[in-house]
Amino acid sequence: MSAPSPALHLLEHVFGYRAFRGEQAAIVDHVAAGGDALVLMPTGGGKSLCYQVPALLREGCGVVVSPLIALMQDQVDALKELGVAAAFLNSTLDADEAREVERAFVAGELKLLYVAPERLVTPRFQNLLQRAHVGLFAIDEAHCVSAWGHDFRPEYLALSVLADEFPGVPRIALTATADHATRQEMITRLRLEQARQFVSSFDRPNLRYTIVEKKSAREQLLTFIRREHEGDSGIVYCLSRKKVEDTAAWLRDKEIKALPYHAGMDAQTRARNQQTFIRDEGVVMVATIAFGMGIDKPDVRFVAHLDLPKSIENYYQETGRGGRDGLPADAWMAYGLNDVMLLTEMIEGGASGEEQKRVERNKLSAMLGLCEATGCRRVAILGYFGEETHACGNCDNCLNPPKLIDRSEAAQKALSCVFRTGNRFGVGHLVDVLQGKLSPKVKEFCHDRVSTFGIGKDIDEPTWRAVYRQLLARGALRLNPEGHGGLEMTDSARVFLRGDEPLYLRARTEKFHYRGERDSG
Ligand code: ADP
Ligand code: ZN
């Protein structure tokens, strides 16, 4: 038997692991040999080793650019524990501490140095880089360079200087989120045209995806936790800080060990709640998306969404925090049309430019498509990331294939109603018109005189709402940019109106109860 490769030897003796996972071995070989790399690997896939091992194999110090200060600290602590000479430079160090790290770096005493991007591009640090011996550059969370992405960091743009200033030093960029457009942007903006791409599968087979229609979301969540996850650790994502607080309090009332977490809380309480979540068993963290980046808790048994994430990337990233130990975990979400309204208003009212808003609208619409999908969720999610797969047998639609009903005719009526009332009313009103209800608003606009008034009495309100959701998801309707949840037809509506494209809805299996949440469907 031949001796193990130096990489494997390091893996075993420094990190204590027996084998590389997935693409790790190939990436390590490539970078250790001086090649540039672009690594797409899902969260929890093991990206850190992809630059840590080559940094130890190469001469000089590996410089790691990371935007996450908390993560830097953790990684450096862990590396020191393993006996690796590692340090970080960020705003948490005072001047003396920073100077000591700089000295050690230039003196060649470090094997890994973590730096925040804003610091890396300062003249002072660029000067240090010239004097030190750099073995490689690792650019973590590389999608931050993308203006399309959800966490754009302008400082990342300046990282392109590394290509010019250090042509002989290999660069490895890593990310867990990149659709095709983002990937292209990373390549051009980070000057990685020559880099070899390593794309891992994004499949998380142990995650069971379930997306339910929102009725009374909190009650549904409670039922889900009690039925499937009594005493388990989990994360519940909500959109607003207030909802985080309310939901955590409400769950505690129901004797679930729930804690809140959002950026508006004082730093101490936040840190304490995070520690409790990580250390104790069976804590349910109710949080905004401020929570989770860099949290490495392997036994999170469920991730629940009470509000719709604004893109499939976000959904994937957030649900990806479940089941990192490889054991079964649930990704559960309750969603309703109101979520779409709210997010659309946030997009339209946001500060982004028109081009950016268009991107955001498309991402939201893909997310909505996933919610309304009647086929395998995994196929839909992975398809979004450009990966083909077969029906998984481990999502709600695979486990309980929805019985489908042809609602093509209802779709035509629903679209006509949008058209006849002038492309500007919300679902509640449209359904009133279809069902022939003489509401004050119907009277005010004389909509009892349009031809679609009362033509939909045979179909109940929840079904009409589902028809509208599907039409939105399929792009036949969009939210009117004027706001107020008004719907307007798009060019794609024509195929439905002509009957060229059928519309199938899942058959309702349970009776619908609105608990004072009339508009939540
Ligand atoms: P990522 O940055 O991709 O989210 P990490 O690098 O933090 O992932 O790794 C996730 C977890 O997997 C860590 O706990 C890490 O120690 C573990 N891990 C990574 N590679 C291996 C491996 N080859 N063998 C065993 N465990 C690994
Ligand atoms: Zn499936």
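The numbers here are math on the coordinates, done by the rules we state, and not lab data. Note that this is a predicted model, so its numbers are computed, not measured. Using ideal geometry, Cβ is built from the backbone for each residue, glycine included, and neighbour counts are taken over all protein chains shown.
Convex hull volume of the Cα atoms in the range 276-408, per residue, in Å³? Write down the numbers at each step before the final one.
On the way: hull volume 20.2 nm³, N = 133.
Per residue, the Cα convex hull of the range 276-408 comes to 152 Å³.
Calculate the translational D of the chain in whole µm² s⁻¹ from Stokes-Einstein, where the hydrodynamic radius comes from the Kirkwood formula applied to all Cα pairs, the temperature is 25 °C and the viscosity 0.890 mPa s.
Numbers: Rh = 25.3 Å.
Diffusion coefficient, whole number: 97 µm²/s.
Applying a 10 Å radius around every beta-carbon, put 184-197, 309-322 in order of their mean neighbour count, most first. Before the final figure, lay out the partial values.
Numbers: 184-197: 16.6, 309-322: 23.0.
In decreasing order of mean packing, 184-197, 309-322 become 309-322, 184-197.
What does the highest-first list of 38-45, 14-21 look like by mean Cβ count within 10 Å?
38-45, 14-21
When the convex hull of the C-alpha atoms of the range 253-314 is computed, what volume per residue in Å³ does it have? Present the calculation step by step, with values, prior to reporting the outcome.
Details: hull volume 7.1 nm³, N = 62.
Convex hull volume per residue, Cα atoms: 114 Å³.
Please state, rounded to one decimal and in Å, the Kirkwood hydrodynamic radius that the range 38-115 gives when every pair of distinct Cα atoms enters the mean of 1/r. The partial results should precede the final answer.
Values: mean 1/r = 0.0766 Å⁻¹.
One over the average 1/r among Cα pairs gives 13.0 Å for the range 38-115.
Can you list the aspartates and glutamates whose alpha carbon sits under 17 Å from that of Lys437, skipping same-chain ones fewer than 8 residues off?
Reachable aspartates and glutamates: Asp448, Asp458, Asp460, Glu461, Asp519.
Highest first, please rank the peptides 112-118, 199-205 by the mean number of other Cβ atoms sitting within 10 Å of their residues. Walk me through the numbers before you get to the answer.
Numbers: 112-118: 22.6, 199-205: 18.0.
Result, highest mean first: 112-118, 199-205.
Counting only DSSP beta bridges with both residues in the chain, tell me the antiparallel percent, nearest 5.
Close to 10 percent.
Extent of the range 1-78 along each principal axis, from alpha carbon coordinates, in Å, largest to smallest?
44, 28, 26
Quick one: Debye curve from the C-alpha atoms of the range 369-496, no solvent, what's log10 I(q)/I(0) at q = 0.09, 0.17, 0.22 Å⁻¹?
Once normalised to I(0) and log-transformed, intensities are -0.31, -0.88, -1.22.
Gain in length, Ser492 to Asn362, computed as 0.36 nm per residue apart minus the alpha-carbon separation, to one decimal in nm? If you can, show how the numbers build up before the last one.
Working: separation 130, 0.36 × 130 = 46.80 nm, distance 1.46 nm.
Additional length available on full extension: 45.3 nm.
Net charge around Val244, counting only other residues with Cβ within less than 13 Å of its Cβ (Lys, Arg = +1; Asp, Glu = -1)? Mind showing how you got there, number by number?
Working: positive: Arg218, Arg241, Lys242, Lys243, Arg252, Arg270; negative: Glu245, Asp246, Asp307.
So the environment of Val244 carries a net charge of +3.
For the range 69-132 and the range 437-497, what is the separation of their Cα centres, given in Å?
Centre-to-centre (Cα) distance: 58 Å.
Quantify how much of the Cα-Cα distance distribution of the range 234-345 extends past 25 Å, in percent.
Details: 1004 of 6216 pairs.
Above the 25 Å cut-off, the range 234-345 has 16 percent of its Cα pairs.
What does the helix-only formula give at 222 nm for the chain: each DSSP H stretch with n ≥ 4 adding -39500 (n - 2.57), the total divided by the residues, and the result rounded to the nearest 500 deg cm²/dmol? Mind dumping the intermediate values first?
Values: 22 runs with 211 residues, N = 521.
Mean residue ellipticity, 222 nm, calculated: -11500 deg cm²/dmol.
Return, ordered by residue number, the residues of the range 56-91 whose backbone nitrogen is under 13 Å from a label point located 7 Å along Cα→Cβ of His13.
Answer for this model: 57.
Within 15 Å, Cβ to Cβ, of Glu193, how many net charges do the neighbouring residues add up to if Lys/Arg are +1 and Asp/Glu are -1? Walk me through the numbers before you get to the answer.
Values: positive: Arg171, Arg183, Arg189, Arg191, Arg196; negative: Asp36, Asp164, Glu185.
For residues surrounding Glu193, the net value is +2.
With bins 10 Å wide starting at 0, give me the P(r) of the range 160-297 over every alpha carbon pair, in whole percents.
The percentages, shortest bin first, are 9, 30, 24, 20, 13, 3, 0.
Of Lys215/Lys242; Lys214/Lys357; Lys242/Lys443, which ones are farther than 28 Å apart at the Cα?
Details: Lys215/Lys242 20 Å; Lys214/Lys357 26 Å; Lys242/Lys443 37 Å.
Listed pairs above 28 Å: Lys242/Lys443.
Which lysines does Lys47 reach when only Cα atoms under 22 Å apart count, and residues fewer than 8 places away in its own chain are ignored?
Once the sequence-local lysines are set aside, what remains near Lys47 is Lys80, Lys111, Lys297.
How large is the direction-averaged shadow of the alpha-carbon convex hull of the range 84-164, in nm²? Mind showing how you got there, number by number?
Details: hull surface 23.0 nm².
Mean projected area of the Cα convex hull: 5.8 nm².
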